[in-house]
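Trainee: Would you mind keeping the following structure in view while I ask a few things?
The values are calculated or read from the model by the stated rules, or taken from the named source; none is laboratory data. Since the structure is predicted, the reported quantities are computational estimates derived from the model, not experimental observations. Positions of Cβ are generated from backbone atoms using ideal geometry, with glycine treated the same way; all protein chains shown enter the neighbour counts. All accessible areas refer to the heavy atoms of the entire protein, side chains included, with ligands and DNA or RNA removed. Shrake-Rupley method; radii C 1.70, N 1.55, O 1.52, S 1.80 Å.
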Amino acid sequence: MSARRVFAPALALLLLGAARTAAEPEPEVTSSSAPSGYTPEAESSSPFRVSGYVDVGFAKAQGRGSSFHPDDTRVPADYGADAFAPAVNSRGEVASLDAGGRFVNGFLPRTVDIGGHASFLLNTASLDLFYEPASAPVLVFARAQFLPRFEKGSGGTRLLLQQAFGRVTPFSGHELTISVGRFDSVVGIEYLENESPLRTGITPSLMARYTTGHQLGVKSFYRRQLPSLSSAVSLNVAVTNGSSRVESLQTADLSLTGLPFVSARLGYELQLLRLQMKLGLSGQTGARNDQNDAHVHQTQLGADARLTAGWFSLAAEYVRGRDEAGSAPGKHTGVGDFFYASGFAVDGFYGTLALAVPVQAEALRTTTVYGRYDRRAAEFQGFGGILTSRYTVGTRLDFWSVLSIKAEYLFNRENAGAPRVDNDVFTASAIYVF
C-alpha cells in the first residue's frame with residue numbers, strides 16, 4: 001500500500017486551514033523595523049543596515065520528479081497537468097519539468113532539475129540593504145538573491161534583484177506610506193511569507209503562483225486604528241506593470257501593453273489580548289502582461305483570513321482568476337517565449353493549521369507542527385479542466401534567533417482531468433539568518 005493511501009486519511013484531520021500569521025499586512029517595512037520578520041533590530045545609529053539569510057535544502061521526489069505522466073499524449077503537456085505540484089523549496093521551484101519531449105506552452109514554474117534523485121540544494125543566498133536617514137521620512141531598500149543552479153534544465157545560476165524600492169512616509173502620526181519600485185504583491189496574504197525564514201513550512205501553496213509575484217510600479221498603504229473597538233482597517237493599493245503572478249508566468253520588469261495594472265486589498269484587524277484576527281478582500285484587473293494586446297484583460301478576486309490564539313494559528317485564502325485569450329500569437333513569460341496566450345480560468349484555496357510551542361531551552365526556542373490542505377481547479381480554453389489537491393505536513397525547529405530547521409512531506413493528488421502520477425515530495429531546509 002502506498003504512503004499516500006496510508007497517511008492521507010489521518011492528514012485530513014489537520015487540514016482545517018492556515019499558515020502562521022505575519023505581523024504586518026505590508027511586509028516591506030515599518031518606520032522602525034526591517035522589511036522581513038527575521039531581520040534583527042538595528043542597534044547602530046547608522047542609516048545603513050545589512051541583513052539576509054542562507055537557505056540550504058535537501059529534497060527527494062517520487063517518480064521522475066514531474067507531474068507529467070509518460071503515457072499522456074495530450075498537448076500542450078502543461079495544460080493537462082499541474083507542473084507546479086512537486087515543489088521542493090520556498091521559491092516554488094519543482095524537482096523536474098520533464099514532459100517527455102512533448103510540446104509545452106509556458107504555464108511552468110522554475111526547476112532545480114533533480115528529477116527523482118535525492119539531492120542537497122543551495123536554495124537561496126539573500127542579502128538585504130537598507131538606507132534610512134534620520135533627517136527624512138524615507139527608506140531605500142534592495143534585496144539581491146544568488147541562486148546556484150545546475151545548468152542542464154534549470155536555466156542556470158541566477159543573480160536576482162528581487163526587490164528594489166524607495167518608500168516615503170509623508171505625514172507624521174499617520175500610517176500612510178508610498179513606495180515606488182519593485183516590491184511584494186499587495187494581493188492576499190501568502191506574499192507575507194515569500195522568504196523562507198518567514199514561511200512556517202517550506203513550500204508555497206498551489207495558489208501561490210497567482211498571488212506571490214513581485215510587481216513594479218507605485219503603491220500606497222494606509223491603516224487607521226480604531227482603539228475603542230480594538231481594531232484597525234487598512235487599504236493597500238498598487239498601480240504596476242502587471243499582475244501578482246510569479247515571474248515564471250508573467251514579467252514585472254516592463255509593461256508589454258502600455259497600460260497599467262491595478263491591485264488592491266482591503267483589510268480588517270481585531271487585536272485582543274488572547275486573540276488576533278485579520279480578514280481581507282483582494283482584487284486586481286488590467287491588461288494581461290504576458291502578451292502585447294492592450295485589449296486582452298485579466299482579473300482576479302480573493303479573500304483571506306488569519307486567526308491567532310495562544311499557540312495555535314489558522315490561515316486560509318481563496319483565489320478566483322480569469323484571463324481572456326490573446327488576440328495574436330505570442331506569449332512572453334519569465335522562462336521564455338511561447339506560442340499562444342490561451343484563455344484561462346482558475347478557482348482554488350488553501351488552509352493551514354499550525355501549533356507553535358515555546359520551548360524553555362538554551363538553544364531551542366520554538367517547536368512548530370503544521371498541516372496544510374490545497375485544492376485547485378483550472379481550465380485552459382479549448383482544453384479539459386483539471387482538479388488537483390495537496391496534503392502537506394511538516395515540522396519546524398527554531399534555534400536561538402538565527403537558525404531554523406524544517407522538514408516537510410507533500411502528498412500531491414490528481415483528482416480529475418489529469419492522470420495519476422507519482423509526484424509526492426519530501427523536502428527539508430536549514431535557514432541561517434544574519
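Trainee: Calculate the FRET efficiency for D253 and R322 from the Cβ-Cβ distance with a Förster distance of 35 Å, rounded to the nearest 0.05.
Mentor: The pair D253/R322 has a calculated efficiency of 0.90.
Trainee: From Cα pairs below 8 angstrom and at least 6 apart in sequence, can you work out the relative contact order of the chain, rounded to a whole percent?
Mentor: Normalised by residue count, the contact order of the chain is 18 percent.
Trainee: With a 1.4 Å probe and every protein chain left in place, work out the accessible area per residue of the range 340-434 in Å², rounded to a whole number.
Mentor: 39
Trainee: Now for a different question. Using P(r) over Cα pairs in 20 Å bins from 0, in percent as the read-out, say which of (i) 25, 53, 20, 3, 0; (ii) 26, 61, 13, 0; (iii) 18, 32, 22, 15, 9, 4, 0 was calculated from these coordinates.
Mentor: Comparing each candidate, only (ii) matches the computed number.
Trainee: A further question on this structure: Compute the length gained on full extension between L397 and L355: take 0.36 nm times their separation in residues and subtract their Cα-Cα distance, giving the result in nm to one decimal.
Mentor: Taking L397 through L355 to full extension adds about 13.9 nm, to one decimal.
Trainee: Calculate the spin-label point distance for F146 paired with L160, positioning each point 7 Å from the Cα along the beta-carbon direction, and give it in nanometres.
Mentor: Result: 1.6 nm between the two label points.
Trainee: OK, next. Among the trypsin sites (Lys or Arg not before Pro) within the range 247-285, which fall in a DSSP loop and have no more than 11 other Cβ atoms within 10 Å of their own Cβ?
Mentor: Passing both the DSSP loop test and the Cβ count: R274.
Trainee: Then there is this: Using each residue's phi in the range 314-320, evaluate 6.51 cos²θ - 1.76 cosθ + 1.60 at θ = phi - 60° and report the 3J(HN,Hα) Karplus result to the nearest Hz, with x for Gly and Pro.
Mentor: Result, ordered by residue: 10, 8, 8, 8, 10, 9, 10 Hz.
Trainee: Hey, what number do you get for the chain at 222 nm if only DSSP H runs of n ≥ 4 count, each worth -39500 (n - 2.57), divided across all residues, to the nearest 500?
Mentor: -500 deg cm²/dmol
Trainee: Report the FRET efficiency, 1/(1 + (r/R0)^6), for A303 and V168, where r is their Cβ-Cβ distance and R0 is 41 Å, rounded to 0.05.
Mentor: 0.85
Trainee: Which of the lysines could a cross-linker span from K278 if the Cα-Cα distance has to be under 28 Å and same-chain partners fewer than 8 positions apart are dropped?
Mentor: K219, K406
Trainee: Report the Cα centroid-to-centroid distance between the range 177-243 and the range 277-332 in angstrom, as an integer.
Mentor: What the calculation gives is 12 Å, centre to centre.
Trainee: Still on this model: Write down the accessible area per residue of the range 136-293 in Å², having rolled a 1.4 Å probe over the full set of protein chains.
Mentor: 39
Trainee: While we're here: Below 8 Å, C-alpha to C-alpha, sequence gap of six or more: please give me the relative contact order for the range 158-294 in percent.
Mentor: 21
Trainee: How big is the range 288-434 by Rg and Dmax over its Cα atoms, in Å?
Mentor: Considering the range 288-434 through its Cα atoms, Rg and Dmax are 20.1, 62 Å.
Trainee: FRET efficiency for A294 and D337, Cβ-Cβ distance as r, R0 = 25 Å, nearest 0.05?
Mentor: Using R0 = 25 Å, I get an efficiency of 0.85.
Trainee: Something else: At what distance in nm do the modelled label points of L272 and L129 sit from each other, each positioned 7 Å from its Cα along Cα→Cβ?
Mentor: Result: 4.7 nm between the two label points.
Trainee: Quick one: with all protein chains in place, what share of the accessible area of the chain is carbon or sulfur, to the nearest percent (1.4 Å probe)?
Mentor: Answer for the chain: carbon and sulfur cover 64 percent of the accessible area.
Trainee: Right, here's the next one. Restricting attention to the range 382-411, which chymotrypsin sites (Phe, Trp or Tyr not before Pro) occupy a DSSP loop and are surrounded by at most 15 other Cβ atoms within 10 Å?
Mentor: W400
Trainee: Residue by residue, what Karplus-based ³J(HN,Hα) values in Hz, rounded to whole numbers, does the range 158-168 have, using 6.51, -1.76 and 1.60 with θ = phi - 60° and x for Gly and Pro?
Mentor: 10, 10, 10, 8, 6, 9, 6, 8, x, 9, 10
Trainee: Let me ask something else about it. Quick query: amide H of T366 versus all other amide H atoms, modeled in the peptide plane; which residues come in under 5 Å with a sequence gap of 5 or more or a different chain?
Mentor: V359, D398
Trainee: Restricting to Cα pairs below 8 Å that are 6+ residues apart, what does the relative contact order work out to for the range 240-304? Please round to a whole percent.
Mentor: Value for the range 240-304: 32 percent.
Trainee: Quick one: Cα centre-to-centre distance for the range 245-259 and the range 348-373, in angstrom?
Mentor: 35
Trainee: In a GNM of the chain with a 10 Å cut-off on Cα contacts, which of T367, T203, T392 has the highest mean-square fluctuation?
Mentor: T367
Trainee: Which of the chymotrypsin sites (Phe, Trp or Tyr not before Pro) found in the range 114-177 are in a DSSP loop and have at most 15 neighbouring Cβ atoms, other than their own, within 10 Å?
Mentor: Here the sparse-neighbourhood loop sites are F150, F171.
Trainee: Would you work out the Kirkwood radius for the range 54-154? I mean one over the mean of 1/r across all pairs of different Cα atoms, in Å.
Mentor: 15.5
Trainee: Based on the Kirkwood radius over alpha-carbon pairs, what value in µm²/s does the Stokes-Einstein equation return for the translational diffusion coefficient of the range 211-323 at 20 °C and 1.002 mPa s?
Mentor: 139
Trainee: Name the longest site-free stretch of the chain, where the excluded sites are GluC sites (Glu not before Pro) in a DSSP loop with no more than 14 other beta-carbon atoms within 10 Å.
Mentor: After excluding every exposed loop site, the longest remaining stretch is 44-361.
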